[in-house]
Amino acid sequence: IGDMGSHLIDLPFWALKLKSPVSVQASSTPFSKDYCPQGEVVTYEFAAREGMGPLTMTWWDGGLMPPRPAELEPGRMMGDEGGGVLFRGTKGLLMCSVYGANPRLIPETRMQEFARPEKTIPRSPGIREEWFEAIKKGTKSTTDFSYSGPLTETMLLANAAVRLAEKNVKLLWDGEKMEFTNLPEANEFL
């Protein structure tokens with residue numbers, strides 16, 4: 001998952017309290033040992049956690065796009081020019097742009113009916129400022145290694161899944177042991 005992965009996957013990762021996935025599977029455009037794929041689709045499965053059920057998260061990249069939700073009005077862009085995130089829940093859809101900008105319920109009529117809650121999450125002054133403050137005060141930043149490590153691990157698992165996409169296998173991941181359990185040869189890509 002390219003450079004934008006951390007800016008897009010961060011949203012569901014944080015909001016849905018994700019850690020290590022239990023599986024990853026990918027498909028991609030052609031590639032070789034000399035060049036990367038132009039696009040890829042990576043599907044992760046996560047186990048139930050902290051009062052939330054299991055979920056599936058799919059990453060679409062390189063111009064490949066998910067099916068357009070029927071609830072999205074004709075002519076309305078999914079996300080923005082840089083991409084976006086679509087959350088599908090039991091009560092509907094939420095769409096936002098890169099960095100979580102412009103969150104909107106779909107269809108827009110649902111957004112107009114929505115009563116926004118009061119802001120309760122402290123706003124970040126910026127990642128560098130947070131980092132300096134954490135050093136000075138001896139506190140954690142919002143993206144310390146206990147958070148960013150599992151996020152990065154999840155993104156990097158896509159590389160192994162893409163390399164093995166031709167096998168059409170769902171790779172089972174043991175985050176505690178940091179290994180694939182059903183296809184030992186996949187571990188060479190870690």
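For the reader, a short list of remarks on this structure follows.
- Within the stretch 163-190, being hydrophobic (A, V, I, L, M, F, W, C) and either modelled with pLDDT under 95 or outside any helix (DSSP H, G or I) (or both) holds for L164, A165, V169, L171, L172, W173, M178, F180, L183, F189, L190.
- Scanning the stretch 17-50 for residues that are open to solvent by less than 30 Å² (accessible area, probe 1.4 Å) and under 19 Å from D174 (Cβ atoms) yields L18, P21, S23, V24, A26, V42, Y44, F46.
- Residue check, L18 over 13 Å from N159 (Cα atoms) and in contact (Cβ under 8 Å) with a residue 60 or more places away in the chain: yes
- Number of residues in the stretch 123-151 that are surrounded by 15 or more Cβ atoms within 10 Å (Cβ to Cβ), under 23 Å from the mean Cα position of the chain (by Cα) and assigned to a helix (DSSP H, G or I): the value is 5.
- Pairs where the first residue, in the stretch 162-175, is closer than 23 Å to Q38 by Cβ and the second is part of a helix (DSSP H, G or I), C-beta under 6 Å, 6+ apart: R163/F189; L164/A186; L171/A161; L171/A186
- Against the list (1) assigned to a loop (DSSP other than H, G, I, E, B); (2) open to solvent by 70 Å² or more (accessible area, probe 1.4 Å), the condition W14 fails is (1).
- Hey, G63 surrounded by 15 or more Cβ atoms within 10 Å (Cβ to Cβ), within 29 Å of I127 (Cβ to Cβ) and of a type outside the set (A, V, I, L, M, F, W, C) or not: no
The values are calculated or read from the model by the stated rules, or taken from the named source; none is laboratory data. Computed from a prediction, not measured in an experiment: that's the story for all the values here. Ideal geometry is used to build each Cβ from the backbone, glycine not excepted, and the neighbour counts take in all protein chains shown. Note: accessible area is taken over every heavy atom of the protein model, side chains too, but ligands, DNA and RNA are not part of it. Shrake-Rupley method; radii C 1.70, N 1.55, O 1.52, S 1.80 Å.
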